[in-house]
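Written below as structure tokens is the structure these notes are about.
The values are calculated or read from the model by the stated rules, or taken from the named source; none is laboratory data. None of these values were measured; they are calculated from a predicted model. Cβ placement follows ideal geometry from the backbone for every residue including glycine, while neighbour counts extend to all protein chains displayed. For the accessible areas, the whole protein counts, side chains as well, though only heavy atoms, and no ligand, DNA or RNA atoms are used. Shrake-Rupley method; radii C 1.70, N 1.55, O 1.52, S 1.80 Å.
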Amino acid sequence: VQPARRGKLQVVASIAPLSYFAERIGGSHVSVSVMVPPGGNPHSYEPAPRQMVKLGEATLFIKAGSGVEFELDWMDRFLSINRELRVCNGAEGVRLIPIKHHDEQETHHHEQDAHHHEGYDPHYWLSPANGVIIARNIEKALVLADPAHRDDYAVNCSKLVAELQALDREIRQKVASLKSRRFLVFHPAWGYYAEAYQFEQIAVEEEGKTLTPGQMQRVIEKAKANHIKVVFVSPQFNISQAKTIAAEIGGVTRSVDPLAADYQENLRSATQAFSESLP
Amino acid sequence: MTTPVIECNRLSVELGGVMVLDGVTLSVCKGDYLGLVGPNGGGKTTLLRVILGLEKSSGGSVSVFGALPGSFPERIGYVPQRLFFDREFPISVRELVLMGRLSKKKLFQHFNRIDREKADAALGVAGLERLADRRIGTLSGGELQRTLIARALAGEPELLLLDEPTASVDPQMKTTIYDLLDNQKKKLTIVLVSHDIGGIKDHVSGIATLNTTLYAPRDICL
Amino acid sequence: MTTPVIECNRLSVELGGVMVLDGVTLSVCKGDYLGLVGPNGGGKTTLLRVILGLEKSSGGSVSVFGALPGSFPERIGYVPQRLFFDREFPISVRELVLMGRLSKKKLFQHFNRIDREKADAALGVAGLERLADRRIGTLSGGELQRTLIARALAGEPELLLLDEPTASVDPQMKTTIYDLLDNQKKKLTIVLVSHDIGGIKDHVSGIATLNTTLYAPRDICL
Amino acid sequence: MLQEIFAFEFMRNALLAALLSSVACGVIGTYVVVKKIGFISGGIAHTAFGGIGLGYYLGINPLLGVIPFSLAAALAIGLLSKKGKVAEDTAIGTFWAVGMAVGVLFIGLKPGYAPDLFSYLFGNILTVPSFDLWMILLLDLLILAVVWLLSKEFLAISFDEEYAAVSGLQTTALYLVMLCLIALTVVVMVRVVGIVMVIALLTIPAAIARMLSRSLPGMMVRAVVLSALFSILGLWLSFLLDIASGATIILVAGFSFFLAQGWRFVSTFLRGR
Amino acid sequence: MLQEIFAFEFMRNALLAALLSSVACGVIGTYVVVKKIGFISGGIAHTAFGGIGLGYYLGINPLLGVIPFSLAAALAIGLLSKKGKVAEDTAIGTFWAVGMAVGVLFIGLKPGYAPDLFSYLFGNILTVPSFDLWMILLLDLLILAVVWLLSKEFLAISFDEEYAAVSGLQTTALYLVMLCLIALTVVVMVRVVGIVMVIALLTIPAAIARMLSRSLPGMMVRAVVLSALFSILGLWLSFLLDIASGATIILVAGFSFFLAQGWRFVSTFLRGR
Ligand SMILES: Nc1ncnc2c1ncn2[C@@H]1O[C@H](COP(=O)(O)OP(=O)(O)OP(=O)(O)O)[C@@H](O)[C@H]1O
Ligand SMILES: Nc1ncnc2c1ncn2[C@@H]1O[C@H](COP(=O)(O)OP(=O)(O)OP(=O)(O)O)[C@@H](O)[C@H]1O
Ligand SMILES: [Mg+2]
Ligand SMILES: [Mg+2]
Ligand SMILES: [Zn+2]
């Protein structure tokens, strides 16, 4: 146990963007660590003992709560290590959206409704508006866990919320002039972002599933029809498959990160990347 | 008494499209000591395997102790011609011989002192005391052959089926084995497959020649 | 002429902590036909394996054709006592016999018509024509034994090492094999391991008994 | 030092899990090694993915599909290799691939966002819930009971199946029981310690034990002890150096294996002189 | 219909990849099946993960670590099983686990974000880059050349290694060459079509072919043809039904395997009457 962390509220977040919120709101009163290295495949995923020690000492755990891969089953296991742990659900109050099937999007609405409750796009943090909700959720949780510093948390939170709202306006402004509003991603992580700024996200891995020939065909046709020349990929994954798609549409691949730790800066650079890519 | 122990009636067996046994009619009675000879590929091993229930007949009938083959495993001892095994398997000669007692035990029942004693006795008879704790992977050809004989004897069978048990056994042991079988022949019914007609003819009570069909006294019960 | 083909000088071999051969001194000359007998576990197989270079000696020296064991594989044919193989392996009897020509070919060289003819001739000698296209997994014990002999003969060796080649072969084939070896004994040097002393004594030019140590005429070169 | 390590519940759980797993893996690993079906751990774990996919498709807890699916796979592998003359490794490989393919298809059939269902299958020794400890204990007891009751039968079918059949044993049924036991061990252990560690613990300790043993029970005892030693040493090292625990345990075991091989090689070489 | 399918380059590439893979997998699969080392595909692929981890740790292209690592693993597996009297499945299992553990540790040692390194290893038949097609073609040519040159030697060491040694062959060296060829096939194919399909293609076609063949070359030809048939049929079906292509190919192959087994069973049963 490092002395620097003594006396601080120990917080563990399940993904890096959430730790950004916790650090900003908690300020000097909290010590935040990220539980899982992003992109860890369960074949090879292994927390180190020190990480588990941190989890054991933590007072508050912030989970994404939206069905992010490793949280599905690992959460229970983490919680069983430290049963006193308070859990903050970052997604509380967020309107989660199901990823829509390209073809069915307009036509079969009722059918869609029937299975909406089944699966949601978990990447809700990628819109600043949801960022505001996350910030409030985390503030609430920090206050409950450490009422002594409630005022500091409130101040930090309002400051962050103001920044997020500014960021939202900034992005809106930036994309306002774009004519074409469709971008192509390999893994469908940018649905909330797309919804917030009236983009349409075309995903190669529709609903995060293994590719089918029809899927490939639709994506390629759509990309060609929309003169899309960039395939966006997450830096966690090998880009070779995305490169093949890019070759098929005569374009290139570019990296945008749904899990970056510097939340605001990342959204800015992603916006830059999307804007530049559109014809 | 002349209870038939093995009865084959116009038995035929087909393997991989080849008629290996064709119309074999044979009865072996209690106390018989039948020598079974015949050319390579004549079907001797196959006949034993049918009697043991390891191979299905494609025609005719077989009965062993008056029932279908495989009904009374505890009354039969078997010395196979070849053993396919893993040389690195961690099993000692003693344990392998103890396996001969398997048919005497029920499921879940463990081997007890009596089983161990019988196994040790069989080891002694086969002259293997010295090798009892050896891993079977290190045995010589003849030593392995003897171990298989000891295994069959450990089960105290009423019917003993031996498939060329002396093929790679030295002359001294060969005599020992023949003498041993002679000693037991009052209690036992024996079918001995061999190419060593000279060696067995003074011991057996009858010889049948198998070359797809059987050339033998039709009924050799005494 | 009496060129020594095999020379062992106070050879000893230890396997798994056991002295299997101890101070074996032996020379086999060109044209010799040596019968090697001895009890089970006497070390006969081990001696052959040392001569073939499959087993290392722990003392003394061996030379084969004046060189270290393993130097002239193309001049040696070998019939092993046991063959461990996978019964489902897709290989026919003919192909297995063709493998006997392996030592005659260089790396990368393919078998040609001559190799095939020699293999077919060996098949004929062993009486296996009928089975030539059979998968080896379906052979009977004796049929397999013959196949192994045919494989050794296909290589047209100068020195033939046979480890109980007639152990499960029927009497007729046994005679055929002995006659065959007799016919070749002018051209060949033969070491024949057997328990069938009676069977071999009229054929061989000398008999040695191996029981860890060797009991034999010190030098049996003619 | 040790005290410090075990101040944490997760380390206590990890140690307990390691010790309990050693029993299951040592005993079952012995059969896996002598039957030469090391492939089966990966095979069953990946076939189980088909069960996960089915559970997900039916909208039930994906884990409910795992045990029936893997037991069915074990039975099918056993029947294929006994009745169909297919080598075990071929049968296992087929099920591995088919199981995974079925899982992928089921996930594709279900509309909605598809999570990475593999995480249901694979655990980690540092995150063992107390409940799972009870499960392993239960598994251990089951294995010990069955192996004790069927010790002579399992020995007979492992070494010489034909003679076992001649002796009146139901060899196929017994083999299926053995395979089910193996499958159960694999799916339970995979959830607790992860697939890689299961492969390691089923293979390495038993392989070293075989070099030292002349009987199956002896091999089992040695495998259990070795497995426990590797686990404890690995956990301790991983805590000291703050590196992944499962990986450390595996490396300790792998290192010991190479050491044992080297020793064996050197000793035969010296004797062979 | 066919025209429609092949209007897209990715489908043309997938078909070409499937056909080219069939050659490599059929030939190499034959050795894998007769040597009973089906385990090796999974083993090499996962050992290669260690190489990926090392490459990542060193900050070079992770793929550079794969081929040396997997060839080294093949050599080590071969030496262990030849010189060390370890059964192949045990040697492979050990390397599987150790390779993965090494990869995990390297990832853990490097600070920062750990990407999903598995995605470097596993491809998908629908996203085969044209460049990779050339690679498989090269692999095919290499395999055919080596297997043609060494056909009698490979047959000898596969069937009766002792006699091969007596005949003056360098059996260990030859076996290592064979294993390296297998390892190369696995790592190249895994990148192109994914691990599951490699396991399936190395196992299933060769296993069916063995039932129908009396010689190794005959088995190879049949395995290649079957593998190609399954791939084409699977691709076509997956296009028709719009389901995952790799999974469909595997299911077609698996279904054919069960059909062949069933037919064999029924036919022996009928004859056995
Ligand atoms: N790895 C080993 N460890 C210990 N002893 C061994 C090993 N290998 C062989 N032996 C022993 O060496 C002795 C000689 O074996 P070998 O096979 O040479 O005998 P043999 O004369 O051919 O006998 P047989 O007539 O039965 O074939 C046997 O007693 C055998 O048990
Ligand atoms: N699966 C099979 N397919 C085709 N033929 C077979 C099969 N199994 C056995 N055979 C043939 O059946 C015949 C009888 O075999 P069997 O083993 O009964 O002979 P055997 O009399 O014991 O001969 P040996 O004295 O050589 O041991 C042999 O010709 C053998 O090749
Ligand atoms: Mg026979
Ligand atoms: Mg011998
Ligand atoms: Zn995601």
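So here's what we get for this one:
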{"item": "Helix-derived mean residue ellipticity, 222 nm - over chain A, DSSP H n ≥ 4, -39500 (n - 2.57), to 500", "result": "-14500 deg cm²/dmol"}
{"item": "Helix-derived mean residue ellipticity, 222 nm - over chain B, DSSP H n ≥ 4, -39500 (n - 2.57), to 500", "result": "-8000 deg cm²/dmol"}
{"item": "Inter-label distance, nm, simple model (7 Å from Cα along the C-beta direction), residue C:106/residue A:262", "result": "6.6 nm"}
{"item": "Surrounding net charge for residue A:270, when Lys and Arg each add one and Asp and Glu each subtract one, Cβ distance under 13 Å", "result": "-2"}
{"item": "Label-zone membership for segment C:1-21, site residue C:68, 7 angstrom Cα→C-beta point, backbone N under 17 Å", "result": "C:7-9, C:12"}
{"item": "Segment B:123-222: trypsin sites (Lys or Arg not before Pro) in DSSP loop, at most 14 other beta carbons within 10 Å", "result": "B:186, B:187, B:201, B:218"}
{"item": "Gaussian network model of chain A, springs between alpha carbon atoms under 10 Å - residue of A:125, A:190, A:74 with greatest fluctuation", "result": "A:74"}
{"item": "Other-chain or far-sequence residues with amide H under 5 Å of residue A:254's (modelled H)", "result": "A:231, A:232, A:233"}
{"item": "Separation between Cα centres of segment E:130-154 and segment E:12-46, rounded to whole Å", "result": "12 Å"}
{"item": "Proximal lysines relative to residue C:187, as straight alpha-carbon distance under 17 Å, when same-chain residues fewer than 8 apart are discounted", "result": "C:30, C:118"}
{"item": "Sites residue A:8 and residue A:272, calculated FRET efficiency, Cβ-Cβ separation with R0 30 Å, nearest 0.05", "result": "0.30"}
{"item": "Whether chain E is rounded, prolate or oblate, judged on the alpha carbon gyration tensor where a/c under 1.5 counts as rounded", "result": "oblate"}
{"item": "Segment C:4-215: projected area of the alpha-carbon convex hull, averaged over directions, in nm²", "result": "11.7 nm²"}
{"item": "Distance histogram for the protein assembly as shown (every C-alpha pair counted, 10 angstrom bins, percent rounded to whole numbers)", "result": "2, 9, 16, 20, 18, 14, 9, 7, 4, 2, 0, 0"}
{"item": "In nm, spacing of pseudo-spin labels at residue C:133 and residue B:87 (7 Å Cα→C-beta vector)", "result": "3.5 nm"}
{"item": "Counting DSSP beta bridges with both ends in the protein assembly as shown, the antiparallel % (nearest 5)", "result": "40 percent"}
{"item": "Rounded to the nearest 20 debye, dipole of segment C:4-215 from Cβ charges on Lys, Arg, Asp, Glu", "result": "480 debye"}
{"item": "Qualifying lysines (Cα of each under 24 Å from Cα of residue A:8; at least 8 residues distant if same chain)", "result": "A:54, A:63, A:140, A:159"}
{"item": "Å³ per residue enclosed by the Cα convex hull of segment B:12-80", "result": "103 Å³"}
{"item": "Cα-centre dipole for segment C:95-222 with unit charges at Cβ (Lys and Arg positive, Asp and Glu negative), debye to 20", "result": "460 debye"}
{"item": "Choice from C:70, C:41, C:142 with maximal GNM fluctuation in chain C (Cα, 10 Å cutoff)", "result": "C:41"}
{"item": "Accessible area (Å², 1.4 Å probe, nearest 10) - residue E:27", "result": "10 Å²"}
{"item": "Residue with peak Gaussian network fluctuation, chain A [Cα springs, cutoff 10 Å], from A:138, A:97, A:202", "result": "A:97"}
{"item": "Nearest-to-axis residue of chain E, judged by beta-carbon position, where the axis maps E onto D, in Å", "result": "E:39, 2"}
{"item": "Neighbour net charge for residue D:217 - beta-carbon separation under 13 angstrom, K R +1, D E -1", "result": "+3"}
{"item": "Summed residue charge, Cβ within 14 Å of residue C:202's Cβ, Lys/Arg positive, Asp/Glu negative", "result": "0"}
{"item": "Per-residue HN-Hα couplings for segment E:90-107 [Karplus 6.51, -1.76, 1.60; θ = phi - 60°; Hz; x = Gly/Pro]", "result": "5, 4, 5, x, 4, 5, 3, 5, 5, x, 4, 4, 4, x, 4, 5, 4, 4"}
{"item": "Sequence-distant residues sharing a close amide H with residue C:20 (under 5 Å, placed H)", "result": "C:13, C:14, C:15"}
{"item": "Copy-to-copy label separations for residue C:113, where each label sits 7 Å from Cα toward Cβ, in nm and ascending", "result": "7.7"}
{"item": "Mean residue ellipticity (222 nm) of chain E, computed from DSSP H runs ≥ 4 via -39,500 (n - 2.57), nearest 500", "result": "-27500 deg cm²/dmol"}
{"item": "Where rotation carries B onto C, the chain B residue whose Cβ is nearest that axis, in whole Å", "result": "B:167, 2"}
{"item": "Label-reachable residues, segment B:78-121, where backbone N falls under 20 Å from a point 7 Å from residue D:170's Cα toward its Cβ", "result": "B:102-110"}
{"item": "Two-site label geometry, residue C:113 and residue A:178: point separation in nm, points 7 Å out along Cα→Cβ", "result": "7.6 nm"}
{"item": "Estimated FRET transfer efficiency (residue D:64, residue D:141; beta-carbon r; R0 35 Å; 0.05)", "result": "0.95"}
{"item": "Residue pairs, from the table A:179/A:222; B:44/B:106; D:35/E:35; C:105/E:83; C:44/C:105, whose Cα atoms sit over 21 Å apart", "result": "B:44/B:106; C:105/E:83; C:44/C:105"}
{"item": "Copy-to-copy label separations for residue E:212, where each label sits 7 Å from Cα toward Cβ, in nm and ascending", "result": "5.0"}
{"item": "Under DSSP loop assignment and at most 15 Cβ neighbours within 10 Å, longest GluC sites (Glu not before Pro)-free interval of chain A", "result": "A:119-279"}
{"item": "Residue C:215 accessible area, assembled protein chains, probe 1.4 Å, Å²", "result": "130 Å²"}
{"item": "7 Å along Cα→Cβ, label-point gaps from residue B:182 to other copies, nm, shortest first", "result": "3.1"}
{"item": "Spatially proximal aspartates and glutamates relative to residue D:152 (Cα-Cα < 16 Å; intrachain offsets below 8 disregarded)", "result": "B:74, B:95, B:115, D:160, D:161, D:162"}
